[in-house]
Amino acid sequence: MNAIEVRDLVKKYKDKTVLNNLNFTIREGEFYCLMGPNGSGKTTLSSIIASIRKQTSGDVRVFGKTPDKAKDLMGYIPQENFSDPHLTGRENLRYFTRMLGYTNKETGTIVEDLIKKVDLLEDADKKAGKYSGGMKKKLELATILYPGIKVLILDEPTTGLDPSFRRKFFGLIDDVKDKSTTILLITHLGSDAELASKVGLIDNGVIIAEGSPGELKNNNKFKNIINVVTSIKNDRVRDILNSFNQGDELMETEEGYKIYSDDSAEVIPKIVRIIENGGYKVIQIGSTEPSLEDVFFKLTGKQVRGVKQ
Amino acid sequence: MNQITATFIKSFKDNINDKLSLFWVIAWPLIWLFMGVFIFLRMVPEQYQALARGQNTISMIAFSVMIAGMSSLTANIAEDRQRGLFLKLKAMPVQPWKDSVGRILAILLFCFISMSILITVGLILGARFEISLLGILKSLGFLSLSILASSGVGLIIGSLVRNLQGAIMTGVAVAVITSAISGVFFDYSMLPEALRRFAQLWPISAANSLIQHSIAGFTGYTPTNLNIILVVVISLSFFAIGLIIYNRFCWRSE
């Protein structure tokens with residue numbers, strides 16, 4: 001059964017088209033990730049599905065219902081830390097539980113269960129304002145784990161968290177969710193998107209590619225990405241490196257460059273030699289498998305995290 | 001009912017946990033109560049001292065109510081919006097009117113606590129009132145209108161001013177300035193003619209005068225039925241406009 005169906009979706013703000021005739025389907029129980037850079041329309045799309053915004057045209061269905069009729073089936077975590085810093089973790093959960101219509105008696109049982117689920121028992125009576133970023137995320141995760149919630153919509157839930165906690169966060173979701181729970185994750189982080197069963201790459205309000213992380217990477221014809229950090233970055237170094245690049249365009253990162261290659265073992269020594277012959281130094285060089293962020297770059301010529309090309 | 005209760009509890013705890021809110025709603029009027037007794041009312045003849053102190057107490061209650069609505073409620077809404085709570089609530093099956101009612105009830109309780117403290121301290125400092133059942137009922141009615149008007153202004157500022165500090169400062173500024181120019185801090189008779197008209201129209205100062213007339217026996221002017229009608233209409237208008245703007249700017253889907 002389809003959990004979410006989006007058909008011919010258009011969202012315009014005055015003259016600007018943010019979502020442009022968008023179509024996709026998420027099946028029940030699927031972990032679907034929408035990955036794209038800032039301004040690609042992914043947050044607008046998730047907020048339309050979550051019934052926060054209205055579309056200009058097109059149709060969105062959540063288990064066959066319009067989003068405003070399916071609010072009780074969805075749990076939404078926005079980008080911001082929305083928990084109340086003046087209240088304790090337990091008081092925050094009591095607030096959200098009662099806002100969902102549970103009675104005072106039911107609330108007590110449900111809140112204790114949620115606190116245990118997200119492993120906040122020791123800190124439940126501390127004010128949320130004193131929580132670390134990770135603890136706040138756990139608390140906010142608890143606000144979408146109520147009985148009857150079938151779709152979790154997570155808008156950049158791990159932004160600002162360190163990589164080790166990001167893994168733990170998704171591990172926690174995997175532990176506490178039912179098998180039939182559908183997850184829609186919005187992110188610009190390739191490492192988060194790798195965890196999904198299906199990824200949609202979104203750019204300028206259009207889904208440009210869709211598939212499992214493996215499928216998306218296999219469709220990328222290059223086997224390796226060589227990361228090079230040189231003593232300086234200039235046009236000459238760029239030209240040298242570009243001569244080894246088998247991709248359409250050399251990718252520049254904050255630290256250095258990324259080169260697409262079929263045979264890194266053969267190419268790396270050549271790069272080092274030619275760079276050093278040119279009077280520059282190679283500070284760091286190594287090869288990795290292409291990430292989803294690399295796939296996005298290959299398809300759009302843009303970096304997901306917004307680093308200049 | 002659960003949503004009203006949940007919002008009421010959350011908002012009330014937010015208010016009493018907010019030191020700035022406690023200062024402006026309770027401490028600041030208390031300071032003025034003491035200043036009134038020990039500085040400003042010293043020249044009042046002995047036989048009028050008790051009623052003058054009663055008047056001063058009522059004025060500080062009016063100010064407290066005004067600042068609770070215009071600053072505490074404002075801060076509450078602005079902070080919730082800044083941290084994305086409304087995005088979260090819009091995605092939940094929550095009815096906006098229940099959220100509004102919960103917030104207003106929390107302000108009512110906050111005002112009631114502040115009023116109780118100010119009356120107790122006022123009585124200890126020698127304030128006296130001309131108590132009658134009708135006078136008390138009228139006063140409670142006018143005080144309620146004051147709270148509604150202040151809450152209306154608070155809803156408007158909290159909905160329109162997006163920045164938290166900006167919203168708080170705007171609320172405090174509106175409350176302090178309008179108090180100063182409408183005879184809440186000073187005697188009505190000290191106001192110039194133009195400001196006297198404003199004092200009779202601004203719902204908080206007008207309600208303040210009506211309460212003083214009902215239980216402190218004296219005010220700068222004798223309120224007419226027109227004054228009473230204007231206070232009712234203007235207070236309810238501010239409240240209604242506040243609710244509409246709150247619903248439009250904090251709750252409506254874009």
Evaluated at 25 °C and 0.890 mPa s, the Stokes-Einstein D of region B:2-251 based on the Kirkwood radius over Cα pairs, in µm²/s, stands at 135
So, relative contact order of chain A in percent, Cα under 8 Å, 6 or more apart, is 20
Once both label points are put 7 Å beyond Cα along the C-beta direction, the residue A:117-residue B:43 separation in nm becomes 6.8
Counting only residues 5 or more apart in sequence or on a different chain, those whose built amide H sits under 5 Å from that of residue A:206 are A:20
Ranking A:251, A:224, A:234 by how far each Cα lies towards the positive end of the charge dipole of region A:223-289 (+1 on Lys and Arg Cβ, -1 on Asp and Glu Cβ), the top one is A:234
Once Lys and Arg are counted +1 and Asp and Glu -1 for all other residues with Cβ under 10 Å from that of residue B:168, the total becomes -2
In the neighbourhood of residue A:272 defined by beta carbon distances under 13 Å, the net charge of the other residues (Lys, Arg +1; Asp, Glu -1) is +1
Per-residue accessible area, 1.4 Å probe, largest first, puts B:112, B:238, B:63, A:244 in the order B:112, B:238, A:244, B:63
The percentage of the accessible area of chain B (probe 1.4 Å, all protein chains present) made up of carbon and sulfur atoms, to the nearest whole number, is 71
To the nearest 20 debye, region A:181-289 has a Cα-centred charge dipole, built from +1 on Lys and Arg Cβ and -1 on Asp and Glu Cβ, of 280
Here the FRET efficiency for residue B:27 versus residue A:255, based on Cβ atoms and R0 = 35 Å and rounded to 0.05, is 0.05
Per-residue ellipticity at 222 nm attributable to helices in chain A (runs of n ≥ 4 DSSP H, -39500 (n - 2.57) apiece, nearest 500 deg cm²/dmol) works out to -9000 deg cm²/dmol
Simple SL model, points at 7 angstrom along Cα→Cβ for residue B:132 and residue A:5; separation in nm is 7.2
So the carbon and sulfur contribution to the accessible area of chain A, 1.4 Å probe, in percent, is 45
Here the protein assembly as shown gives, from Cα atoms, an Rg and Dmax in Å of 30.7, 104
Sites removed, the longest contiguous part of chain B containing no DSSP-loop trypsin sites (Lys or Arg not before Pro) with at most 14 other Cβ within 10 Å is B:43-161
With R₀ set to 22 angstrom, the calculated FRET efficiency between the beta-carbons of residue A:167 and residue A:132, to the nearest 0.05, is 0.85
The farthest towards the positive end of the charge dipole of region A:223-289, of the residues A:261, A:275, A:288, given +1 on Cβ of Lys and Arg and -1 on Cβ of Asp and Glu, is A:275
Checked against the positive end of the charge dipole of the protein assembly as shown (+1 on Cβ of Lys and Arg, -1 on Cβ of Asp and Glu, about the Cα centre), the farthest of B:164, A:187, A:147 is B:164
In debye to the nearest 20, the charge dipole size for chain B, taken about the Cα centre with +1 at each Lys and Arg Cβ and -1 at each Asp and Glu Cβ, equals 540
Once normalised by the length of chain B, the mean sequence separation of its alpha carbon contacts under 8 Å that are 6 or more apart gives a contact order in percent of 28
Heavy-atom accessible area per residue of the protein assembly as shown, all protein chains kept, 1.4 Å probe, expressed in Å², is 44
Rounded to the nearest 10, the angle in degrees between the Cα long axis of helix B:133-160 and the longest principal axis of the Cα atoms of chain B comes to 40
To the nearest 10 degrees, the tilt of helix B:225-246 (Cα long axis) against the first principal axis of the alpha carbons of chain B is 20
Contact-by-burial set, region A:53-90, min loss 20 Å², accessible area of protein heavy atoms with 1.4 Å probe, reference chain alone, gives A:53, A:54, A:71, A:76, A:78, A:80, A:82, A:84, A:85, A:86, A:87
Diffing region A:16-24: the Karplus 3J(HN,Hα) column from phi (6.51, -1.76, 1.60, θ = phi - 60°), in whole Hz with x for Gly and Pro, holds 8, 8, 8, 10, 10, 6, 8, 9, 6
Shape call for region A:72-137, from the Cα gyration tensor axes a ≥ b ≥ c (a/c under 1.5 means rounded, otherwise prolate when a/b beats b/c, else oblate), comes out oblate
The size of the Cβ-based charge dipole (Lys, Arg +1; Asp, Glu -1) of the protein assembly as shown about the Cα centre, to the nearest 20 debye, is 960
Ignoring ligands and nucleic acids, chains A and B bury, in total, an accessible area (1.4 Å probe) to the nearest 100 Å² of about 2700
With every protein chain kept in place and a 1.4 Å probe, the residues A:140, A:28 fall, from largest accessible area down, as A:28, A:140
Here FRET efficiency (C-beta to C-beta, residue A:262 to residue A:215, R₀ 25 Å, nearest 0.05) is 0.80
Once normalised by the length of region A:1-128, the mean sequence separation of its alpha carbon contacts under 8 Å that are 6 or more apart gives a contact order in percent of 22
From highest to lowest solvent-accessible area (probe 1.4 Å; ligands, DNA and RNA excluded), A:280, A:131 read A:280, A:131
Nearest 10, in degrees from 0 to 90: the angle of helix B:203-215 to the longest Cα principal axis of chain B is 40
Expressed in nanometres to one decimal, the distance between label points 7 Å along Cα→Cβ at residue B:123 and residue B:194 is 4.3
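The values are calculated or read from the model by the stated rules, or taken from the named source; none is laboratory data. Keep in mind the model is a prediction, meaning the values are calculated, not measured. When we count neighbours, we look across all protein chains shown, and the Cβ atoms used for this are built from the backbone with ideal geometry, even at glycine. Remember, those area values only see protein heavy atoms, side chains included, never the ligands or the DNA or RNA. Shrake-Rupley method; radii C 1.70, N 1.55, O 1.52, S 1.80 Å.
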